[in-house]
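J.: If you scroll down you'll find the structure; I have some questions about it.
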Amino acid sequence: MKILIVEDEKPIANLIDLNLRSSGYQCTCVYDGIEAADLIEHNTYDLILLDIMLPGADGYELLDQIRPTGTPVIFITAKDSLLDRVKGLRAGADDYLAKPFEIIELIARVESVLRRSGRMEERYEIGDVVVVPKSMQVTKGGVPVDLTHKEYELLLMFVRNRNIALFRDAIYERVWGTEYDGDSRTVDLHVQRLRKKLGWQSRLVAIYKVGYRLEDPS
Ligand code: CA
């Protein structure tokens with residue numbers, strides 16, 4: 001995922017760069033409007049973080065250039081007035097972030113804009129197993145795995161809660177939608193089938209008197 005950071009205050013640009021990189025994004029920083037316009041013309045990005053007040057060309061001018069490309073934009077601005085926010089959003093920005101901001105807010109907004117724009121799919125990789133909820137695809141070593149609906153629902157619950165102990169009754173109620181009767185073997189049977197189909201004998205760990213945990217050390 002490639003992100004362009006357009007921000008003339010270098011400490012802020014570098015802070016954003018550092019944090020987005022550690023979240024796994026590929027970042028490019030640019031500190032003035034003219035250079036930014038040049039990069040936008042010759043490269044493709046998945047997201048652009050755009051300061052408003054810039055030397056050379058301001059954020060609104062750059063936004064006019066970006067809009068036809070369909071690349072999502074988050075405005076980063078010191079101007080926290082309602083008018084600026086409205087102007088930015090009207091001009092076509094997908095979101096805005098007012099300085100000073102918390103890094104967790106930045107990351108959350110980046111993720112949310114990427115997801116909304118369809119550039120970031122919910123996707124899980126556990127060893128050689130890949131789960132893509134949007135298309136309900138499950139593959140192991142690149143080969144599709146045939147799962148029943150309940151097995152798939154159970155798998156999704158495990159991958160979304162990796163490394164967390166899940167109670168048998170909670171699993172039952174979430175996946176089967178009815179109250180757990182106390183001694184149903186349904187959950188255990190489905191877990192056994194998942195283990196077999198995915199080769200997860202050692203990953204889907206039984207926790208005595210509790211339930212199960214999907215172990216994913218990566
Ligand atoms: Ca600025």
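The values are calculated or read from the model by the stated rules, or taken from the named source; none is laboratory data. What you see is a predicted model, and the numbers here were worked out from it, not measured in a lab. All Cβ positions, glycine included, derive from the backbone under ideal geometry; neighbour counts span all protein chains shown.
J.: Going through Asp46, Asp32, Asp38 one at a time, which residue ends up being of a type in the set (D, E, K, R), without any contact (Cβ under 8 Å) to a residue 40 or more places away in the chain, surrounded by fewer than 20 Cβ atoms within 10 Å (Cβ to Cβ) and away from the ligand (no atom under 14 Å from the Cβ)?
T.: Details: Asp46 fails: without any contact (Cβ under 8 Å) to a residue 40 or more places away in the chain; Asp32 fails: away from the ligand (no atom under 14 Å from the Cβ).
After applying the criteria, what remains is Asp38.
J.: Okay, moving on. May I ask you to verify whether Tyr124 is of a type in the set (Ser, Thr, Tyr) and either farther than 26 Å from Ser23 by Cβ or in contact with a Ser or Thr (Cβ under 9 Å, 6 or more places away or on another chain) (or both)?
T.: No.
J.: Let me confirm something: among Ile107, Ile76, which residue is in contact (Cβ under 8 Å) with a residue 60 or more places away in the chain and more than 16 Å from the ligand (Cβ to nearest atom)?
T.: Going through Ile107, Ile76 in turn, just one is in contact (Cβ under 8 Å) with a residue 60 or more places away in the chain and more than 16 Å from the ligand (Cβ to nearest atom): Ile107.
J.: Can you spot a residue in the stretch 170-192 that is polar (S, T, N, Q), outside any helix (DSSP H, G or I) and within 17 Å of Val129 (Cα to Cα)?
T.: Among the residues of the stretch 170-192, not one is polar (S, T, N, Q), outside any helix (DSSP H, G or I) and within 17 Å of Val129 (Cα to Cα), which makes the answer no.
J.: If you don't mind, there's one more thing I want to ask. Among the residues of the stretch 1-26, count how many are free of Cβ contacts under 8 Å to residues at least 40 places away in the same chain and within 21 Å of Glu122 (Cα to Cα).
T.: 4
J.: Just to be sure before I move on: is Asp58 away from the ligand (no atom under 16 Å from the Cβ), touching a residue at least 12 places away in the same chain (Cβ under 8 Å) and over 19 Å from Met1 (Cα atoms) in the structure I sent?
T.: Judged against the criteria, Asp58 is not a match.
J.: When you check Gly88 against the structure, is it at positive phi and away from the ligand (no atom under 11 Å from the Cβ), yes or no? Steps first, answer last, please.
T.: Working: at positive phi: no; away from the ligand (no atom under 11 Å from the Cβ): yes.
So Gly88 does not fit the description; no.
J.: Quick check, is Thr71 at pLDDT 90 or above, hydroxyl-bearing (Ser, Thr, Tyr) and either within 16 Å of the ligand (Cβ to nearest atom) or under 16 Å from Arg109 (Cβ atoms) (or both)?
T.: Here the answer is yes, as Thr71 does meet what is asked.
J.: Next up: Please verify whether the stretch 85-102 includes one or more residues that are touching a residue at least 40 places away in the same chain (Cβ under 8 Å), in a loop (DSSP other than H, G, I, E, B) and buried (at least 16 other Cβ atoms within 10 Å of the Cβ).
T.: Yes: the stretch 85-102 contains one or more residues that are touching a residue at least 40 places away in the same chain (Cβ under 8 Å), in a loop (DSSP other than H, G, I, E, B) and buried (at least 16 other Cβ atoms within 10 Å of the Cβ).
J.: Would you confirm whether any residue within the stretch 150-170 is β-branched (Val, Ile, Thr), surrounded by fewer than 14 Cβ atoms within 10 Å (Cβ to Cβ), modelled with pLDDT of 85 or more and within 20 Å of Leu189 (Cβ to Cβ)?
T.: No, the stretch 150-170 contains no residue that is β-branched (Val, Ile, Thr), surrounded by fewer than 14 Cβ atoms within 10 Å (Cβ to Cβ), modelled with pLDDT of 85 or more and within 20 Å of Leu189 (Cβ to Cβ).
J.: Suppose the filter is more than 15 Å from the ligand (Cβ to nearest atom), exposed (fewer than 14 other Cβ atoms within 10 Å of the Cβ) and farther than 12 Å from Glu7 by Cβ; does Asp64 pass it?
T.: The answer is yes for Asp64.
J.: Give the residues of the stretch 2-14 that are surrounded by fewer than 16 Cβ atoms within 10 Å (Cβ to Cβ) and away from the ligand (no atom under 12 Å from the Cβ), sorted by residue number.
T.: Matches in the stretch 2-14: Lys2, Asn14.
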